[in-house]
Amino acid sequence: MFKKIIKGGHKKHSKSDSIDGSLHGYGLPGSGHPVSGTNSSVVVNYASRPGHNAKSSNPCPRTTLPPMFAVEPLPLFKDVAVSDRQNLFLRKLQICCFRLDFSNTLKLVREKEIKRQTLLELVDFIQAGSGKITERCQEEMIKMVVVNIFRCLPPASHENTGQEAKDPEDEEPYLEPSWPHLQLVYELLLRYIVSSDTDTKVAKKYIDHTFVSKLIDLFGSEDPREREYLKMILHRIYGKFMVHRPLIRKAINNIFYRFIYETQRHSGIGELLEILGSIIHGFTLPMKEEHKLFLVRVLIPLHKPKAVSTYHQQLSYCVVQFVEKDYKLADKVIRGLLKYWPMINCQKEVLFLGELEEVLEATQTAEFQRCIVPLFRQIARCLNSAHFQVSERALFLWNNEHIVGLIAHNRRVILPIIFEALERNIQHHWNEDIHGLTANVLKMFLEMDAELFDECEARFAEKKAKARDLEEQREMIWKKLADAAAERGGDHMVTV
């Protein structure tokens, strides 16, 4: 039966069987035709494939399948002989190379369903491990993946209108219309990569540097579903193909550099940071200088963009991983946070304080002592913030036992810096909860060192008395000036 279907590919197709001309121009697996048309810029490097004279690892002869001119259903794998399944696999790949128009949901409904069912069958075939697919089938499968996923991404909404970009959190993401097919193509690629039957030496001929680079470029997609699949696939590639690791790290770095210093617009920063979080977790000690430079030049400056809230959770995880790996980096990280500390964005300040707590939890005494003064000057400013969430989050630092231990060990430096801020909260802050938390912190310091507490209280009272005296002197000077002006100017004087 299968041979009849193969022969049927030669018959002349009628006009009613043909599909929209916009679908043609794509290279079909087994047809011997190059990939052209709108995807002509997509190139996969097959130079590493052995030549005709070389001995091939695939004992099966390389037959050329007849081209397909229409999307027609093919028999199921279970309905054909085992010896015919590889050829049927290639024919199904041919069907999946047709790119269908999803801008009109009523157009080519039958063909779309046939392609979707065919992709499902291919995914099940790979997942079930029904048989080790030949090298040629692997090559043609990657060609099919290239045809479907590598495409020009639509411009962002602000690029279409020319208007100023909105806050990324307020924008509705663009959802890819062809996702019913695209999802299955990604699933097929993922199953192929994670399959125990996949030979890395063979697969790296087709999943090459060019393929991986273009895959990373797709992280710019606004569709979160696509980015999630890309994250899983790239993570698996990084783990399975060691030859691609330097390329992946470099390509991700370049995306971050463009985002930080040029565009400040990219949809996939969070997903890329998630991948890096796993990579950083696997770093060995002593840490390479390359990795330390990545922390200083990329991760810390990533705190600067306005959209940091969209990826801060993943960024914080990466930074904390560095400090947990090498505690000597804590000083650099804390000073980096202080450098990019937000001045007027209160929600961003709350995020920074949360990250600071995680970093301090992994910080040792020696590194903590190097940055005490600038660190607690900033914390003092946060304590007096009129935004109660900022003040509250800063006071929550005293709920962490490790941080309290560091503070207690260095109380003679820390308490004089923040005592005034604590007293101002007690006397002037509008929020009652802040009063209670501040009183608890003051009580903690009193229990740590009553003598030091009394000294700070005396200095604060003295400073307050001096400020009151200066204010009285200032008022007296102004009064004298006003009296002198009244004597000279008479009725023409304007008093304030």
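The values are calculated or read from the model by the stated rules, or taken from the named source; none is laboratory data. Fair warning: this is a prediction, and the values are worked out from it, not measured in the lab. Neighbour counts run over all protein chains shown; Cβ positions are idealised from the backbone, glycine included. Each accessible area value is taken on the protein alone, full model and side chains, heavy atoms only, with ligands, DNA and RNA left out. Shrake-Rupley method; radii C 1.70, N 1.55, O 1.52, S 1.80 Å.
Only one of the listed residues (Ile477, Ile426, Ile418, Ile434) is touching a Leu at 6+ places or on another chain (Cβ under 8 Å) and over 29 Å from Thr363 (Cα atoms). That residue is Ile426. Scanning region 408-456 for residues that are free of Cβ contacts under 8 Å to residues at least 40 places away in the same chain and open to solvent by less than 10 Å² (accessible area, probe 1.4 Å) gives Leu422, Phe445. Here is the figure for region 224-243: residues that are of a type in the set (A, V, I, L, M) and open to solvent by 50 Å² or more (accessible area, probe 1.4 Å) total 3.
If the condition is being in contact with a helix residue (DSSP H, G or I) (Cβ under 7 Å, 6 or more places away or on another chain), closer than 20 Å to Ser278 by Cα and either assigned to a loop (DSSP other than H, G, I, E, B) or without any contact (Cβ under 8 Å) to a residue 24 or more places away in the chain (or both), then region 216-246 contributes Phe241, Arg245.
Restricting attention to region 257-281, which residues are open to solvent by less than 10 Å² (accessible area, probe 1.4 Å) and among the aromatic types (Phe, Trp, Tyr)? Answer for region 257-281, where residues must be open to solvent by less than 10 Å² (accessible area, probe 1.4 Å) and among the aromatic types (Phe, Trp, Tyr): just Phe259. Applying the set (1) at pLDDT 60 or above; (2) within 21 Å of Asp208 (Cα to Cα) to Val80 leaves exactly one unmet item: (2). Would you confirm whether any residue within region 365-378 is of a type in the set (Ser, Thr, Tyr) and crowded, with 19+ Cβ neighbours inside 10 Å? Scanning region 365-378 turns up no residue that is of a type in the set (Ser, Thr, Tyr) and crowded, with 19+ Cβ neighbours inside 10 Å. Residues in region 271-282: is at least one at pLDDT 95 or above and either closer than 30 Å to Ser385 by Cα or in contact with an Asp or Glu (Cβ under 9 Å, 6 or more places away or on another chain) (or both)? Yes - at least one qualifying residue is present in region 271-282. Among the residues of region 254-277, the ones that are part of a helix (DSSP H, G or I) and under 12 Å from the mean Cα position of the chain (by Cα) come to 12 in all. Search region 403-447 for residues being polar (S, T, N, Q) and over 16 Å from Arg393 (Cβ atoms), and hand back the single one that is modelled with the lowest pLDDT. Filtering region 403-447 for residues that are polar (S, T, N, Q) and over 16 Å from Arg393 (Cβ atoms), the one modelled with the lowest pLDDT comes out as Gln427. State all residues of region 100-120 that are within 13 Å of Leu184 (Cα to Cα) and open to solvent by 40 Å² or more (accessible area, probe 1.4 Å); if no residue qualifies, say none. Those that are within 13 Å of Leu184 (Cα to Cα) and open to solvent by 40 Å² or more (accessible area, probe 1.4 Å): Glu113, Arg116, Gln117, Leu120. Ile252 meets the conditions (1) in contact with a His (Cβ under 6 Å, 6 or more places away or on another chain); (2) closer than 25 Å to Pro305 by Cα; (3) of a type outside the set (Gly, Ala, Ser) in every case but one. The failed one is (1). Kindly evaluate Ile149 against the criterion of being touching a Leu at 6+ places or on another chain (Cβ under 8 Å) and within 30 Å of His266 (Cα to Cα). Spelling it out, Ile149 is indeed touching a Leu at 6+ places or on another chain (Cβ under 8 Å) and within 30 Å of His266 (Cα to Cα). Out of everything in region 188-222 that is of a type in the set (Asp, Glu) and buried (at least 20 other Cβ atoms within 10 Å of the Cβ), what residue ends up being farthest from the chain's Cα centre (by Cα)? Looking at residues that are of a type in the set (Asp, Glu) and buried (at least 20 other Cβ atoms within 10 Å of the Cβ), I get Asp208. Tell me which residues, restricted to region 87-99, are closer than 21 Å to Tyr186 by Cα and open to solvent by 20 Å² or more (accessible area, probe 1.4 Å). Listed by number, the list holds a single entry, Arg99. Pairing each residue of region 281-300 that is within 15 Å of Cys318 (Cα to Cα) with any residue that is outside any loop (DSSP other than H, G, I, E, B) and small (Gly, Ala, Ser), provided the two are 6+ apart or on different chains, yields C-beta distances under 6 Å for Ile300/Gly336.
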